[in-house]
Amino acid sequence: MAIVVSLIADSLAELEAAARRQEPLADLLELRLDRIRRPSEADLARVIRGLKKRVIVTIHGAEAFGDFAGDVDERLETLRTAARAGAAFVDVDWRLSLELGEVAGKCHRIVSRHETQGTPADLAGLLAEVEAVLYEGDVVKLVTHARTCEDGWRVLRLLRERGKGLVAFASGEAGSFTRYLAPILGSPFTYAAPALFVDAPAQPPTAPGQVRVNDLLAVAPPGGLGPETAVFGVLGNPARHSWSPRLFGMALKGARLDALYLPFEAEDVDAFLDLADDENLRGLSVTAPFKGGALARAAASDELTRRVGATNTLVRDGAGWRALNTDVDALRETLERGFLAHEQRTGAVRGPRGARARGGRGRRGARGGRSGARAGRAELVVAARRDAAARERGGLRRRRRRVGRPRAHAVRRARALHAGGFARATRRAALRGGGAASRRGGRRRGLPAAAHAAAARGGRARRHGGARRRVVRAPGAPAVPALHPPGARRGADAGHVRAAPARGRRGRRGMSADAERVALVGLRGAGKSSVGRALAARLCWPFLDLDERLALLGRMQALPGGAGELLAELGEAAFRDLETRALAEVLDEPGPLVLATGGGAVCRAENRARLAERCRCVWLDAPAEVLLERTRRDATPRPALTDLAPLDEVRRLAAEREAWYAELAELRVDVARDEIDTIARVILAHLRR
């Protein structure tokens, strides 16, 4: 499999510069001369010979999403010139193949056909027309425009049936997945957009749906894409927004498996499964609205999945599919480990379209949640956007039930949580953010008193946080705190950890799992990565070490791997530039996050401004002697930043950065003596206040 990075520019000099920058990430470089009129053979030869990778030269007009506005004679003469100048391939439109004729030297021809208006039904007929105008040794390239996921699979099926040698994929966002799968199914090339670099302007994609080469390499298995690569994916609509490909893709890559995980946003589950029958497709995560339809198509399923009436997992079983439903087991385990461990009796499932699902998403997810809750002997709360939908999913009748004096479970009234969409699926349930109600000390924990009062009165709850995030809110009351797991003690310190409010920002009360980030700051050796992972595990949030993002950006520029090597290679000024870019990218990504920053990330005012605006910051601090001892044990040493002795350097950096850490942090934790898990518990206790 060869990755072709396609480049376009307004001048030959700009095209050459872009090609040199992209060269380390490509197997071949496609130079699009759409905007460059009549380049000389000498100039083209100089550019082509100066590149280490083989070059494809092409000119495309509107028939292939190109910009060329000249006549046919100019186009053909430029391609002949490129062949004489040393290009490995020239790409010619199939309608001009016979006019171009054979080309000079060792250059080969790619005869391409682009269907920019859609994917016609008779793909074999299109291919036959191209094959009628070929010369010996030509490569055939067929690209259609996908309007649906099913269009892309029809192109891939043709590729598999045609055999090796055909370059075929689909353009458009709906067909972007075909650029990953084409090499697996026999295409010798796949085309990618230029990578982004920190010190160069962004190069545009040359076709719609073109994946950037760095994204393609990030998803591909360590050994690259090949005929043995296993394919997994998430099947739903919508699906391209899903974070599952990132999560499972990195897990597969970390395990060094020859596999990848992609989103498949189908229009019809039956049509998709009819087309996606290749043996490389080994399994699918199934989400709304296809959980019922996918079960109906499965050749085999277990009793529990049939009882629930929905599947969230399809596994290849010979020529067919075996359906499973893991929602029930997942919810049962959650209840046993979490709620039941704290002697609570309430489970929470979000549906019919919710993103925070304890038992799966959608109507079918609510069914799985009910089964899991019954198996775990727990009462169930079904959360939906509409009261009627929640009642339907929870198996409640629509009529009102009389309610006695105001209690925590008085929300059984029809209007109690109308906008928030809570309904009880058992006779007794409790109103509480993130768990069951507790009447310890005569007060229900988990919601502000005003919210309890509103629920007891049957008052309307207000929407809060937009269409994707709706939480209970009484008039004039704050939003429901999202981080109060059942049975947890608030504000409890542990062990010897000293936790004190920092002099900087005031702590915020309550956290929202889809809006909050926690950033750990402090000098190297403070344990930001270790504590961050422990804290993220307790919050069930993703964790990211900023050094890992730095290493990724470095690899995109063919630079050494770790942060220490980058610092040594680039020097401190350029390294801080890269660090600033990495931090901006991370904080622009949606969703909750625990971030371990670099020790010097606070040195730039723009970084401090971003952290202050988008994160709750915690300062991990320790004496200089402790920090130095830990850094000496670190397997990834970094170069010195000053000419001072190591201990003096640590003390100097601490003195320089202390004011910046204090400015950002709402909590300062002395991490000199305690275990990582203890420190994480202390931070979590502070965040819940």
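The values are calculated or read from the model by the stated rules, or taken from the named source; none is laboratory data. Because the structure is a prediction, the values reported are computed rather than measured. Every residue, glycine as well, gets a Cβ built from its backbone with ideal geometry; the counts of neighbours run over all protein chains shown. What goes into the accessible areas is simple: the full protein's heavy atoms, side chains included, and nothing from ligands, DNA or RNA. Shrake-Rupley method; radii C 1.70, N 1.55, O 1.52, S 1.80 Å.
Calculate, for His241 and Glu279, the FRET efficiency according to 1/(1 + (r/R0)^6) with r their C-beta to C-beta distance and R0 41 Å; round to the nearest 0.05.
Efficiency for this residue pair is about 0.90.
Taking 0.36 nm per residue of separation and subtracting the Cα-Cα distance, what length does fully extending Ala584 through Thr326 add?
Details: separation 258, 0.36 × 258 = 92.88 nm, distance 3.66 nm.
The Ala584-Thr326 span can extend by a further 89.2 nm.
Using the Karplus curve 6.51 cos²θ - 1.76 cosθ + 1.60 with θ = phi - 60°, work out ³J(HN,Hα) for each residue of region 278-283 in order, rounded to whole Hz, and write x for Gly and Pro.
With coefficients 6.51, -1.76 and 1.60, one gets 6, 5, 5, 7, 9, x Hz.
As a quick test, which of the pairs Lys141/Lys253; Lys53/Lys253; Lys106/Lys141; Lys141/Lys291 have an alpha carbon distance above 25 angstrom in this structure?
Working: Lys141/Lys253 30 Å; Lys53/Lys253 27 Å; Lys106/Lys141 19 Å; Lys141/Lys291 36 Å.
The answer is Lys141/Lys253; Lys53/Lys253; Lys141/Lys291.
With r defined as the distance between the Cβ atoms of Leu96 and Ala121 and R0 fixed at 25 Å, what FRET efficiency is calculated, to the nearest 0.05?
0.45
By the scheme Lys and Arg +1, Asp and Glu -1, what is the net charge of all other residues having a beta-carbon under 14 Å from that of Trp94?
-3
Grab the beta carbon distance between Ala271 and Glu41, set R0 = 45 Å, and tell me the FRET efficiency rounded to 0.05.
Given R0 = 45 Å and the Cβ-Cβ separation, E is 0.35.
Would you list Leu611, Leu275 from the most to the least accessible area, probe 1.4 Å?
Largest accessible area first, the residues go Leu275, Leu611.
Of all the accessible heavy-atom surface of region 61-161, with the other protein chains kept in place and a 1.4 Å probe, what percent is carbon and sulfur?
So the carbon and sulfur contribution to the accessible surface is 49 percent.
Subtract the Cα-Cα distance of Ala251 and Asp577 from 0.36 nm times their separation in residues, and report this length gain in nm to one decimal. Mind showing how you got there, number by number?
Details: separation 326, 0.36 × 326 = 117.36 nm, distance 2.94 nm.
Contour length minus the Cα-Cα distance gives 114.4 nm.
Where the eigenvalues come from the Cα gyration tensor of region 71-229, what are the semi-axes √(5λ) of the equivalent ellipsoid, largest first, in whole Å?
25, 21, 16
Consider all pairwise Cα distances in region 536-689 and report the whole-number % of them above 27 Å.
Taking all Cα-Cα pairs of region 536-689, the fraction more than 27 Å apart is 24 percent.
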